[in-house]
Amino acid sequence: QVQLVESGGGLVQAGGSLRLSCAASGVIFSINTMGWYRHAPGKQRELVAVITDGSNTNYTDSVKGRFTISRDNPKNMVYLQMNSLKPEDTAVYSCYVRDVWSGSAYYPDYWGQGTQVTVSS
């Protein structure tokens, strides 16, 4: 089993920055893909950014140029640096992992509980 714990959310004014962190724990040998989703009230959950163990990244169009995803493989952590935040970025941000190898088997995908990001205008 894998546990994901996010931190770094909060309230920020438009134009400000926040850095989200997510720590994965459990019996983990490697993690292929780590990423961040967000879910705003009244909207569908949206994949914001992903990063592979080869450091290939992909972003949803609305955050390109403003958000940066990174990871620390030895620590099993993923980060999301969010700059130039806009009110429409307000959502609960959850990290997720897929293709997690325990050393003997792959785990199913996991999502964290989420951290609230609120951007005021």
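The values are calculated or read from the model by the stated rules, or taken from the named source; none is laboratory data. This is a predicted model, so every value here is computed, not measured. With ideal geometry, Cβ positions are generated from the backbone for all residues, glycine too; neighbour counts draw on all protein chains shown. Heads up: the accessible areas ignore ligands, DNA and RNA and are worked out on the full protein's heavy atoms, side chains in. Shrake-Rupley method; radii C 1.70, N 1.55, O 1.52, S 1.80 Å.
Quick notes on this structure:
- ASP109 satisfies every condition listed in (1) open to solvent by 50 Å² or more (accessible area, probe 1.4 Å); (2) touching a residue at least 40 places away in the same chain (Cβ under 8 Å) except (2).
- Criterion (of a type in the set (Val, Ile, Thr) and modelled with pLDDT under 95) met by exactly one of VAL78, VAL92, VAL100: VAL100
- Count of residues meeting criterion [open to solvent by 60 Å² or more (accessible area, probe 1.4 Å) and either under 11 Å from the mean Cα position of the chain (by Cα) or within 22 Å of MET77 (Cα to Cα) (or both)] in region 18-44: 4
- Count - residues of region 44-75 that are without any contact (Cβ under 8 Å) to a residue 40 or more places away in the chain, in a loop (DSSP other than H, G, I, E, B) and farther than 13 Å from TYR93 by Cα: 9
- When residues in region 46-57 are screened for being over 14 Å from TYR79 (Cα atoms) and either under 12 Å from the mean Cα position of the chain (by Cα) or surrounded by 13 or more Cβ atoms within 10 Å (Cβ to Cβ) (or both), 2 of them pass.
- Of all residues in region 112-121 being part of a loop (DSSP other than H, G, I, E, B) and open to solvent by less than 50 Å² (accessible area, probe 1.4 Å), the one that is nearest to GLN1 (Cα to Cα): GLY112
- Enumeration of residues in region 70-80 that are more than 15 Å from LEU4 (Cβ to Cβ) and either surrounded by 15 or more Cβ atoms within 10 Å (Cβ to Cβ) or among the hydroxyl-bearing types (Ser, Thr, Tyr) (or both): SER70
- Test: residue in region 86-100 that is surrounded by 19 or more Cβ atoms within 10 Å (Cβ to Cβ) and free of Cβ contacts under 8 Å to residues at least 24 places away in the same chain: no
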